[in-house]
Each structure stands twice: as structure tokens, then as C-alpha cells.
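Structure record follows, encoded as C-alpha cells.
The values are calculated or read from the model by the stated rules, or taken from the named source; none is laboratory data. What you see is a predicted model, and the numbers here were worked out from it, not measured in a lab. Positions of Cβ are backbone-derived with ideal geometry, glycine not excepted, and every protein chain shown enters the neighbour counts. For accessibility, only protein heavy atoms count, side chains too; no ligands or nucleic acids. Shrake-Rupley method; radii C 1.70, N 1.55, O 1.52, S 1.80 Å.
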Amino acid sequence: MTEPPIAASSLAAQIDAAALGLEAQVIAWRRDLHANPELGNREFRTAAIVAGHLRALGFDEVRTGVAHTGVVGLLVGGLPGPVVALRADMDALPVAEEVDLPFASKVRADWNGEQVDVMHACGHDAHTAILMGVAEVLAGLRAGLRGSVKFLFQPAEELPPEGEEGGAKLMIEQGAMANPTPSAVFGLHVTSRLALGVIGYRPGPTMASADNLKITVHGRQTHGAMPWLGVDPIVTSAQVILGLQTVVSRQVDLTQEPAVVTIGAIKGGLRENIIPDSVEMRGTIRTFDEGMRDDIHERVTTLAEAIARGSRAGCTVCIKKNYPVTVNDPALTAAMLPTLRRVAGADQVQLVPKVMGSEDFSFFQQLVPGLFIFIGVTPESQATATAAPNHSPRFFVDERCLVSGVRALAHLACDLLEAVPASA
Ligand SMILES: [Zn+2]
Ligand SMILES: [Zn+2]
């Protein structure tokens, strides 16, 4: 890392002035997106607004329809240099908003064949508005910008509808990270767990891998009064569920990383005096290490199968890998920490604990070094410990976080472009 030249520090001042000047506009964008939320792979209106904005700013390239509704924009600076990518997710959730706001969502939409209420309950409206703001700030300063900035507006972070592909993985498959490939990628997430003005970061494994588990125990149906005439999948399932609790507690080295195996749904049987043919269970597996992830998958499978075999039942274990571990590149995190401290104030930048939630930003980080930070949105009047969390119908975003988000991403991008040699 070299010291940023004089021009760079004046660029930093220009970023701050431009971000501040744009604050009202970013708030207006966020309110419009908040009132008009769209579910995963259905972000048609949002994507049109984003693409129109990037084109109006004179972006060198605007690709639409990436992973269904994604938008990839490229802004080439006036000076030669490397490429950095910034990512925002755009999708909302099937949640009925309970926040009392003039722009609260009243939208309903189809989700897997059901009509549901839709709300930006994870704050992706804030992420999209922030990145639109960064696009405008950097486009206004492009003559003095070293290198290029790639803008990734991503659909379906909260998983696509059943039977569809989507999200970061599909964007990558459709070339979002190629031509040009960035040297690094940055993203952020608003969170109720941090107070307004606080930026949270963590080097290394930060958010968990998340995989779906489906176990079907195959028995043989019989009268509830005569279990010996069949094979009881209900009792077998009970043994499987309890057995699975020992994978994390007895078989995994928990000093390495934490992990979770949860069964969240179980379905089997129709009435009290019939032992059914089969029982289906669904669950989730969370880890913070790709090796542990594969190991736990193997242990869950062999244990469930062995327990079922002991009851003379059959067992089918299906594990669908969703999102990998979100790993912040330690060197990149260390290199960007001074930037975060400059943006938020040193005392407002906090090392945060691991999060058992997951993020498909992890797919971008598998290709290039990435840093995913958290921005606090809980106003002073509320305690972060009790504020309605992301995904709650009462999740509230204090809009003063938006300009902090614009500044954070714009400074991260510019500082990286100034620091990386042009050949990188
Ligand atoms: Zn979410
Ligand atoms: Zn989210």
C-alpha cells in the first residue's frame, strides 16, 4: 500500500460533498423502492429504475436481465487503473409490513403460487438506493477516478421462487464478474443489531453457510394398535432427530468453528390409530468452514441412515447446498479498516461477532477477495438488543444510515483503486 497522493485526498473530500448533496435524493429513492417492493426474480420495476439511472449517468456499459432481473453497470474512470466491484441486492420478502410509515408497503404478489404481502423487511431497498447514490457520486467524479467500478445490482438474495435459479451464483454464471474481472468486491448490509452510525466488520468467516436438509424416513403402514405388523417411521424419525443433535455436540470440533443442525419441520401421519408409511423432515445446516460443512453433511447422512436401518426403516437424505460461508478476505479487511474508520469515525467502527444468517455475497468472494460490512440502522431512541430484527414486519431503517452507506462504499471503492497497482 502506498500513501494516497494529494489528488486522492481531495477526491475523498469531493466524495463526501457529493454524497451529502445527494442525501435527499437517496432517501427519496429508498422510499419509492420501499413502497414498491418486489420479490426475488421479480424485481422488474426496481431493475428498470436502476438501469435507467445508470444510463442517465452515462455509464460505459449497462447490462440488464442478468440472472433474470439483475443489472450490471460499468463506470470507467478518467485515469487508468484496476477494477473494483460494488454489490447491492434488490429483492424483498413475503412479509406484511407493520411499520407505521406514509410509504409503508401495501403490495401483494404471488410467491410459489400463493398471494402474499410483500415488504422490504431485510432493507435491500436501502442497499439499492445506496448503490444508486454511489453510482451518481462516482459518475460525477469520473474524470479524476482511477480505474473502473463495476456495479452489481443483484436479484433474489433471499432465494428465488421454488424451481427457479437466481441470485449471485446465477449472475456469476452469466458473466457478471467477467469482462472485466474486478480485483475486489465490496458489499454492505443494514442491520438492527447495530446503532445508527456504527459500521460493523469482521475478518475471515463472518456469515454462515446455509444448506437445506430433507430427510424422508420410509416405514411400512400398519394399524396403530399393531405396530409389529409394520415399520414405524414416526418413532424412527424421533430417534433420527435426537441423533442428529449429537453431530454438532459430540462429533464436531467446536473449538474450530460453531455449527448448527436444526430440524424445523416434520410431517407424517393422518390420524391417531394409523402408523403411516413415511415421515418427511426439513431442516437447515449452518457452518463457518467449508471443510466442516462437507464433513457435517457426511455425518448427518450416515447417522440418519444408520439410525433408520436400526429400526428396519429406509431413509433418504437430501442436502441442497444454498450459500457458502461469507468469508471476508483478512488482508483486504485490514487494508480497508482505515477507510471505514475515516468514514464513520474510529469509535464507531466495531468488530462484530459471527452471524448465523447467510449471504450469497459469498459466491462473489469465492472468485475475488471481498469485504462485506454491516451498517447500523437503529435510532438512538431504541436499544439494538430489542429493536425489531431484519425480516421482522416491524423492521425499521433510520434513513440517516443511507448517506453513511453511500460514503462507505464510495470511499472503499476509491481507496482500493488508489492502492492497487494498475496492472493488478
Ligand atoms: Zn434477509
Ligand atoms: Zn438481506
Which numbered condition THR191 misses (of (1) buried (at least 24 other Cβ atoms within 10 Å of the Cβ); (2) touching a Cys at 6+ places or on another chain (Cβ under 9 Å); (3) not aromatic (Phe, Trp, Tyr)): (2)
The range 377-392, residues that are of a type outside the set (A, V, I, L, M, F, W, C) and away from ligand 2 (no atom under 15 Å from the Cβ): THR378, PRO379, GLU380, SER381, GLN382, THR384, THR386
Condition met for ALA344 (open to solvent by 10 Å² or more (accessible area, probe 1.4 Å) and of a type outside the set (Val, Ile, Thr)): yes
Test: residue in the range 84-91 that is away from ligand 1 (no atom under 16 Å from the Cβ), closer than 25 Å to GLY370 by Cα and among the β-branched types (Val, Ile, Thr): yes
Filtered residue count, the range 107-146, keeping only those that are more than 16 Å from ligand 1 (Cβ to nearest atom), small (Gly, Ala, Ser) and touching a residue at least 24 places away in the same chain (Cβ under 8 Å): 8
Single match in LEU229, LEU213 (criterion: within 29 Å of PHE395 (Cβ to Cβ) and hydrophobic (A, V, I, L, M, F, W, C)): LEU213
Flag if VAL190 is at pLDDT 95 or above, within 16 Å of ligand 1 (Cβ to nearest atom) and β-branched (Val, Ile, Thr): yes
Residues (open to solvent by 50 Å² or more (accessible area, probe 1.4 Å) and within 15 Å of ligand 2 (Cβ to nearest atom)) located in the range 140-167: LEU159
Some residue of the range 317-337 being within 16 Å of ligand 1 (Cβ to nearest atom), within 25 Å of HIS411 (Cβ to Cβ), of a type outside the set (D, E, K, R) and open to solvent by less than 10 Å² (accessible area, probe 1.4 Å): yes
Those residues of the range 149-167 which are under 30 Å from GLY78 (Cβ atoms) and within 16 Å of ligand 1 (Cβ to nearest atom), in sequence order: GLN154
Pairs where the first residue, in the range 199-221, is surrounded by fewer than 24 Cβ atoms within 10 Å (Cβ to Cβ) and the second is of a type in the set (Asp, Glu) and assigned to a loop (DSSP other than H, G, I, E, B), C-beta under 8 Å, 6+ apart: PRO203/ASP329; PRO205/GLU257; PRO205/ASP289; HIS218/ASP277; ARG220/ASP277; GLN221/ASP277
Qualifying residue in the range 230-244 (condition: part of a strand (DSSP E or B), under 19 Å from MET281 (Cβ atoms) and either touching a strand residue (DSSP E or B) at 6+ places or on another chain (Cβ under 6 Å) or away from ligand 1 (no atom under 16 Å from the Cβ) (or both)): yes
Residue pairs meeting the criteria (Cβ under 6 Å; at least 6 apart or on separate chains; first open to solvent by 40 Å² or more (accessible area, probe 1.4 Å), in the range 269-291; second among the polar types (S, T, N, Q) and part of a loop (DSSP other than H, G, I, E, B)): ASP277/GLN221
Of the criteria (1) under 15 Å from PRO203 (Cα atoms); (2) within 16 Å of ligand 2 (Cβ to nearest atom); (3) of a type outside the set (Asp, Glu), which one PHE395 fails: (1)
Odd one out for VAL252, checked against (1) in contact with a helix residue (DSSP H, G or I) (Cβ under 6 Å, 6 or more places away or on another chain); (2) open to solvent by less than 50 Å² (accessible area, probe 1.4 Å); (3) free of Cβ contacts under 8 Å to residues at least 60 places away in the same chain; (4) not aromatic (Phe, Trp, Tyr): (1)
Any hit, the range 45-64, residues being within 28 Å of ALA387 (Cα to Cα) and either of a type in the set (Asp, Glu) or away from ligand 1 (no atom under 15 Å from the Cβ) (or both): yes
One residue from ALA28, ALA85, ALA35, ALA67 being free of Cβ contacts under 8 Å to residues at least 12 places away in the same chain and of a type in the set (A, V, I, L, M): ALA28
Members of the range 350-372 that are open to solvent by less than 20 Å² (accessible area, probe 1.4 Å) and either among the aromatic types (Phe, Trp, Tyr) or farther than 20 Å from ARG286 by Cα (or both): PHE361, PHE364, VAL368, GLY370, LEU371, PHE372
Residues that are among the hydroxyl-bearing types (Ser, Thr, Tyr) and more than 20 Å from the chain's Cα centre (by Cα), drawn from the range 32-78: THR64
